[in-house]
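Okay, handing you the structure first.
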Amino acid sequence: MCGIVGYIGTQQAGPLLLEGLARLEHRGYDSAGAAVLAPSGLRVAKRAGRVADLREALPGRFTGRAGIGHTRWATHGPATDANAHPHLDATGRVAVVHNGIIDNAAALRAELTAAGVDLRSDTDTEVLAHLVGRSTAETLEARVAEALARVEGTYGLAVLHADFPDRIVVARLGSPIVVGVGEKEMHVASDIAALVRYTTTVAHLDDGEIATVTAGGFTTYRLDRADLTHSPRAAAALDVDVSSYDVPEGSGHMWREILEQPAAVERTLRGRLDERFGTAHLGGLNLDPRETRAIRRVKVLGCGSAYYVGQMGASLIEELARIPADAEAASEFRYRDPVIEPDTLYVAVSQSGETIDTLLAVQEVRRKGGRVVGLVNVVGSAIAREVDGGIYLHAGPEVAVASTKALTTMYVGFALLALQLGRVRDLSIADGKRIVAALQELPGLVEETLDLAEPLAEVAHELAAAESLFYIGRVRGYPVAREGAQKLKEVTYRHAEAYPTSELKHGPLALVSPAVPTVALVPLDELTDRNVAALHEVAARGGPLVVVTHADVDLGDVPCRRVDVPRSERELDPLLMTIPLQLLAVHAATHLGLDVDKPRNLAKSVTVE
Ligand code: G6P
């Protein structure tokens, strides 16, 4: 999704901005642009396409020690040079880059046109440049505040003004802005990925804040309509492994993140298991035993892969804690005016902690007096700050668009939550200890499952030849099938559809043919025989089968490609079964010559509705 970078200091801004933009590429975008402040005024370059295209398009003298840059993900108007950011005001002395959506852009565009302003793009952002440019307030901060008082919607933005050459003004409402502190220089970004090479001392703006950034430091203000009140904020050191953001040699981020899963799972578990009482310790949840006992339902909210793992997590909670639990797409939840019950525990799941649909769902729950906890990877992100308590995943930075290690650690987070809820309620100490022991073995089993990486290449190449595929699984296996289909869609652009195995004969069987393979999940559990019967139905119609199963399962004479996954306890088996599906997707995409780290039309974190 759109990305922002900014620099002010003693070095040339241009190369730093381009480097920062390249570091935001993984988020997904379709055009890029930058502006620097030269003594004679602003120099601007913008292009539809990649950051590499922008680099080619830079004018000869793109020099200046302050600048802003942007990667755009088209919302208002197609990906064209004119619609790329930065946008300028009529005088060409104001440049604005913006993430988010201005809801009243149409009205403001009409108003500006009526006032004789010649709009040069289809974007909502351009109005911001004109509003700042037309303000006559004394300071740049006041001009930006005046402009923002006119707009409805969400923004993370950075403004450069030739009449105020010593500063960049940034603001945040619903879309992240981070300020990075350097030595006589300052950086600005919408994602720390763009900053970590230069500094790990940062300040995250809060919603409703605006900041002045100069070479020597930054000052934050709270914005109340057009009024600014000084609200001091200190920068703090980030605790990150900077190398996680470097593009790995050879195979790319998604491969690396798949291979990092054993270590990521270990980090999620660290210090949280209690062998003696067969439970988990999740201090950050802020739920005492009495409150835990009062929970009557659990509702999980998330988007994309976080929603599918939410379904897996809801099943785990229902199974271990015996509390009715389900998951819902956070993107739909808010729009059906949901009834929020005081004895329901809402759980928001998000890798980035910035997904706008999940954030708005959390706000809806809180606004109606509900209690919501988070399963979030990015520390200090918007959702992490909004919830009543939560579990940090500690997966480490996930850069590839298609989620792998974050999803695995979300599953582990749910297992810990289910264990803690269960042990306060009816889960026996014996069962608690059984799950604790299985969790302790999990990093090793994940590692063992990754041994499938090589053998699965050939199977994946066969699947890549198909235009359309089914993924099927039952009960615990169904959300795994959904996630598997999602992974394949995201990186191969093949049509993959997930069904509960039990639903095959109620429709999709009509499409099964030699051209439509089925990937079936058949764990060793109480439904194995029924699952095997369904495989026969597929095989009888000539449908090629890939069966992800356990070594002890007898598949009889079903013609198939068999993939045996190591076994854990049945409650944790779904997690191990997601791994071969990741491997199939990444192999298939690589075989098709696609860039798995930058799938078309997708963004790492979707920060607009
Ligand atoms: C986007 C990404 C998905 C991700 C979803 C939720 O759609 O492309 O891979 O699962 O957002 O992201 P979150 O950061 O909230 O987990």
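The values are calculated or read from the model by the stated rules, or taken from the named source; none is laboratory data. Quantities reported herein were computed from a predicted structural model and do not represent experimental measurements. For neighbour counting, all protein chains shown are included, and Cβ atoms are generated from backbone atoms with ideal geometry for every residue, glycine included. Note: accessible area is taken over every heavy atom of the protein model, side chains too, but ligands, DNA and RNA are not part of it. Shrake-Rupley method; radii C 1.70, N 1.55, O 1.52, S 1.80 Å.
Measure out, as a whole number of angstrom, how far apart the alpha-carbon centroids of segment 386-412 and segment 160-184 sit.
After rounding, the separation between the Cα centres reads 29 Å.
How many Å² of accessible area per residue for the chain, probe 1.4 Å?
38 Å²
With Cβ to Cβ distances under 15 Å as the rule, what net charge do the other residues near ALA38 carry (K, R +1; D, E -1)?
With Lys, Arg at +1 and Asp, Glu at -1, the neighbours total +2.
Taking 8 Å as the Cα distance limit and 6 or more residues as the minimum spacing, I'd like the relative contact order of the chain as a percentage.
Answer for the chain is 12 percent.
Calculate, in nm to one decimal, what LEU58 and LEU511 gain on full extension: separation in residues at 0.36 nm each, minus their alpha carbon distance.
Working it through step by step, the gained length comes to 157.9 nm.
Compute the acute angle (0 to 90°) between the alpha-carbon long axis of helix 125-134 and the principal axis of greatest extent of the alpha-carbon atoms of the chain; round to the nearest 10°.
Long axis of 125-134 versus the principal axis of the chain: about 20 degrees.
Note down the net charge around ASP103, summing +1 for each Lys or Arg and -1 for each Asp or Glu among other residues with Cβ under 13 Å from its Cβ.
Combined, the nearby Lys, Arg, Asp and Glu give -1.
Still on this structure: If eta is 1.306 mPa s and T is 10 °C, what Stokes-Einstein diffusion coefficient results for segment 2-245, Kirkwood Rh from Cα pairs, in µm²/s?
91 µm²/s
Sum up the charges of everything whose Cβ sits under 12 Å from the Cβ of GLY14, counting Lys and Arg as +1 and Asp and Glu as -1, but leave GLY14 out.
Surrounding charge for GLY14 is +3.
Another one. For ASP595 and ASP241, calculate 0.36 nm times their separation in residues minus their Cα-Cα distance, and state this gained length in nm to one decimal.
Contour length minus the Cα-Cα distance gives 125.0 nm.
On C-alpha positions alone, give me the angle between the axis of helix 105-114 and the longest principal axis of the chain, in degrees, nearest 10.
On a 0 to 90 degree scale, this one is about 20.
Mind listing which trypsin sites (Lys or Arg not before Pro) in segment 39-109 are in a DSSP loop and have 11 or fewer other Cβ atoms within 10 Å?
Filter output for segment 39-109: ARG61.
Against the empirical 2.2 N^0.38 Å scaling, what ratio does the C-alpha Rg of segment 451-596 come to?
So segment 451-596 has a normalised radius of gyration of 0.94.
Would you please give the residues with an amide H less than 5 Å from that of GLY389, counting only those at least 5 places away or on a separate chain, with H modeled from the backbone geometry?
Answer set, sorted by chain and number: GLY374.
Protein chains only, probe 1.4 Å: how do ARG143, ARG290, ARG27, ARG233 rank by accessible area, largest first?
The ranking, largest first, comes out as ARG290, ARG233, ARG143, ARG27.
Moving on to the next point. For the chain, build the charge dipole from Cβ charges (+1 Lys, Arg; -1 Asp, Glu) around the Cα centre, then report which of GLY484, GLY396, VAL132 sits farthest towards its positive end.
After comparing all options, I get VAL132.
For segment 433-440, what does the Karplus curve 6.51 cos²θ - 1.76 cosθ + 1.60, with θ = phi - 60°, yield as ³J(HN,Hα) per residue in whole Hz, taken in order and with x for Gly and Pro?
Each residue of segment 433-440 in turn: 5, 4, 6, 4, 4, 5, 5, 4 Hz.
Quick one: order HIS26, HIS495 from most to least accessible surface, probe 1.4 Å.
Reading off the accessible areas and sorting them downward yields HIS495, HIS26.
Scale the Cα Rg of the chain by the rule-of-thumb value 2.2 N^0.38 Å and send over the ratio, two decimals.
That ratio works out to 1.01.
Give me the percent of the accessible area of the chain that comes from carbon and sulfur atoms, probe 1.4 Å, all protein chains in place.
Answer for the chain is 48 percent, counting heavy atoms of protein chains only.
Calculate I(q)/I(0) for segment 115-205 by the Debye formula, one identical point scatterer on each C-alpha and no solvent, and give its log10 at q = 0.19, 0.21, 0.22 Å⁻¹ to two decimals.
-0.96, -1.10, -1.16
In whole Hz, what ³J(HN,Hα) sequence does segment 441-446 give by Karplus (6.51, -1.76, 1.60; θ = phi - 60°), x for Gly and Pro?
Residue by residue, segment 441-446 yields 7, 4, x, x, 5, 5 Hz.
Moving on to the next point. Would you mind working out the magnitude of the charge dipole of the chain relative to its Cα centre, with +1 at each Lys and Arg C-beta and -1 at each Asp and Glu C-beta, to the nearest 20 Debye?
Taking the Cα centre of the chain as origin, the dipole is about 880 debye.
Return the whole-Å distance between the Cα centroid of segment 82-118 and the Cα centroid of segment 207-255.
A separation of 25 Å, based on Cα centres.
Evaluate E = 1/(1 + (r/R0)^6) for GLU462 and GLU441, where r is the Cβ-Cβ distance and R0 equals 41 Å; express this FRET efficiency to the nearest 0.05.
Rounded to the nearest 0.05, the efficiency is 0.80.
Protein chains only, probe 1.4 Å: how do SER403, SER40 rank by accessible area, largest first?
The residues order as SER40, SER403, largest area first.
If I stretch the segment between ASP206 and ARG276 completely, what's the gain in nm (0.36 nm per residue apart, minus their alpha carbon distance), one decimal?
Additional length available on full extension: 21.0 nm.
Among VAL339, VAL181, ALA534, whose Cα sits farthest toward the positive end of the charge dipole of the chain (+1 at Cβ of Lys/Arg, -1 at Cβ of Asp/Glu, about the Cα centre)?
Looking along the dipole axis, the top candidate is VAL181.
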